[in-house]
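Enquirer: Below you will find the structure I want to go over with you.
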Amino acid sequence: MKKLFQIIGFISLMGFSFFYTEKTISVVKEYDDIMINIRSIEKEYKKEPIQAIITGNKIIPGISGSKIDINRSYSKMKRYGKFEKSLIVLKKIEPNNLLEKNKHKYIVSGNKNKKMISLIFLVDKNDSIDEIINILDKKEIKGNFFVDLKWLEKNNNLIPILVRENHIVGNLSHNMDYLDSSFIWMETIIEKIGNQSIGYCYSEKENKDIISICKKNNNYTIMPNIIIEDNPYTNVKEKLVSGGIISFKINDNLIEELPIIINFIKSKGYKVENLNIHLEE
């Protein structure tokens with residue numbers, strides 16, 4: 001029994017010694033000139049996150065903020081031997097209500113503070129996207145192609161190419177019927193063969209079936225805030241807003257006017273990005 005108490009005492013002493021040593025190191029570090037300098041500029045580098053906007057079943061994503069990673073910054077400067085601003089390491093401050101936790105809501109826009117626009121092209125069974133891609137390539141921007149089952153059956157070889165070129169492929173299922181069994185097959189083509197990590201569905205109005213099955217399959221559901229069916233250039237000029245997700249039906253008029261639409265968007269100071277970048281928090 002005496003030996004047992006000796007062992008317990010030894011372990012307790014070691015634990016206390018370790019705790020005391022750690023506390024001592026922390027206190028000493030706080031009085032180090034490098035740490036004092038880092039602490040003095042914490043507020044200068046802190047950027048608060050912009051929170052998501054949720055209205056009913058709709059969401060506009062937030063934007064992450066940042067702050068100094070105190071320990072990593074200190075470690076880098078300690079190895080360097082002195083305080084050096086260029087060695088500051090930042091870490092992300094995520095907003096509340098991340099999109100990942102809100103797949104039961106419709107994404108209706110990007111955050112206006114990013115000054116970005118995304119272009120969605122609805123690809124029907126007989127549509128050709130070659131001319132659209134050529135225009136996007138010349139303008140050095142990326143698009144979002146939401147494709148129908150019948151188009152995918154004929155053109156599934158294009159999916160890996162689109163994804164590799166950083167375009168997004170969205171799933172329209174069969175005639176936008178997400179209860180159709182083809183939805184899952186299309187998901188397999190897009191995610192496994194296309195190797196696209198994030199899946200997207202599409203709806204122009206609230207629909208419980210769409211949001212339910214898309215959430216179940218870990219997809220985001222896009223409900224664009226700008227839907228263009230005709231007179232694309234005129235309508236974009238009238239409706240363009242920061243954060244806009246603009247949906248187009250592919251036709252000759254769109255192909256003719258798309259270059260000037262892109263020029264107009266850029267002239268207003270907006271970047272045109274794919275959905276992954278536009279919605280990144």
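The values are calculated or read from the model by the stated rules, or taken from the named source; none is laboratory data. In this text the structure is predicted, and so the values were computed from the model without any measurement. Cβ coordinates were reconstructed from backbone atoms using ideal geometry, including for glycine residues, and neighbour counts include every protein chain displayed. Just the protein is used for accessible areas: all its heavy atoms, side chains included, with ligands, DNA and RNA removed. Shrake-Rupley method; radii C 1.70, N 1.55, O 1.52, S 1.80 Å.
Enquirer: Any idea how far the Cα center of region 59-123 sits from the one of region 128-173, in Å?
Expert: Centre-to-centre (Cα) distance: 28 Å.
Enquirer: Another question about this same structure. Note down, for region 20-113, the three equivalent ellipsoid semi-axes (square root of 5 times each alpha carbon gyration tensor eigenvalue), biggest first, whole angstrom.
Expert: Three semi-axes, in Å: 38, 14, 10.
Enquirer: Now a separate question. Students often get this wrong, so check it: of 92/215; 101/266; 76/114, which have C-alpha atoms separated by over 29 Å?
Expert: Table pairs above 29 Å Cα-Cα are 101/266; 76/114.
Enquirer: How high is the relative contact order of region 159-281, in percent, with contacts defined as C-alpha pairs under 8 Å that are six or more residues apart?
Expert: Computed over region 159-281, the figure is 19 percent.
Enquirer: What percentage of the solvent-accessible surface of region 123-281, computed with a 1.4 Å probe over protein heavy atoms, is contributed by carbon and sulfur atoms?
Expert: Looking at region 123-281 in its full context, I get 44 percent from C and S.
Enquirer: Residue 161 to residue 86: FRET efficiency via 1/(1 + (r/R0)^6), r the Cβ-Cβ distance, R0 51 Å, to the nearest 0.05? Could the numbers behind the result be given before it?
Expert: Values: r = 40 Å, r/R0 = 0.79.
For R0 = 51 Å, the calculated efficiency reads 0.80.
Enquirer: Same structure, new question: Taking every pair of alpha-carbon atoms in the chain, what share in percent sits in each 5 Å bin, from 0 to the bin with the longest distance?
Expert: Reading upward from the zero bin: 1, 5, 10, 12, 13, 12, 10, 7, 6, 6, 5, 5, 3, 2, 1, 1, 1, 0, 0.
Enquirer: What number results when the radius of gyration of region 53-205, computed over Cα atoms, is divided by 2.2 N^0.38 Å?
Expert: Relative to the rule-of-thumb radius for its length, region 53-205 sits at 1.38.
Enquirer: Let me ask you something else. What number comes out for accessible area per residue over the chain if the probe is 1.4 Å? Units Å², please.
Expert: On a per-residue basis, 57 Å².
Enquirer: How do 116, 176, 77 stack up against each other in accessible area, from largest to smallest, with a 1.4 angstrom probe?
Expert: Order by accessible area, largest first: 176, 116, 77.
Enquirer: Within region 132-207, which trypsin sites (Lys or Arg not before Pro) sit in a loop by DSSP and count at most 14 neighbouring Cβ atoms inside 10 Å?
Expert: 205
Enquirer: If you don't mind, there's one more thing I want to ask. What nm distance separates the two modelled labels at residue 253 and residue 153, each placed 7 Å from Cα along Cα→Cβ?
Expert: Computed distance between label sites residue 253 and residue 153 equals 3.0 nm.
Enquirer: Residue 192 versus residue 266, label points 7 Å from Cα toward the beta carbon: distance in nm?
Expert: It is 4.0 nm.
Enquirer: To continue, here is another question. Please name which of 141, 51, 110 has its Cα lying farthest along the dipole of the chain towards the positive end, using unit charges on Cβ (Lys, Arg +1; Asp, Glu -1) and the Cα centre as origin.
Expert: About the Cα centre, the residue reaching furthest to the positive side is 51.
Enquirer: Which percent, nearest 5, of DSSP beta bridges in the chain are antiparallel?
Expert: 30
Enquirer: May I ask which of 138/205; 47/216; 91/208; 112/192; 67/103 have a Cα-Cα span longer than 30 Å here?
Expert: 138/205; 47/216; 91/208; 112/192
Enquirer: For the chain, find the longest principal axis of its Cα atoms and tell me its angle to the long axis of helix 2-30, 0 to 90°, nearest 10.
Expert: The two axes meet at around 60 degrees.
Enquirer: At a Cα cut-off below 15 Å, give the aspartates and glutamates reachable from residue 78, other chains included and same-chain residues fewer than 8 away excluded.
Expert: Output for residue 78: 30, 32, 33, 69.
Enquirer: In nanometres, what is the gap between the two model label sites at residue 29 and residue 42, each 7 Å from Cα along Cα-to-Cβ?
Expert: In this crude spin-label approximation the distance works out to 1.4 nm.
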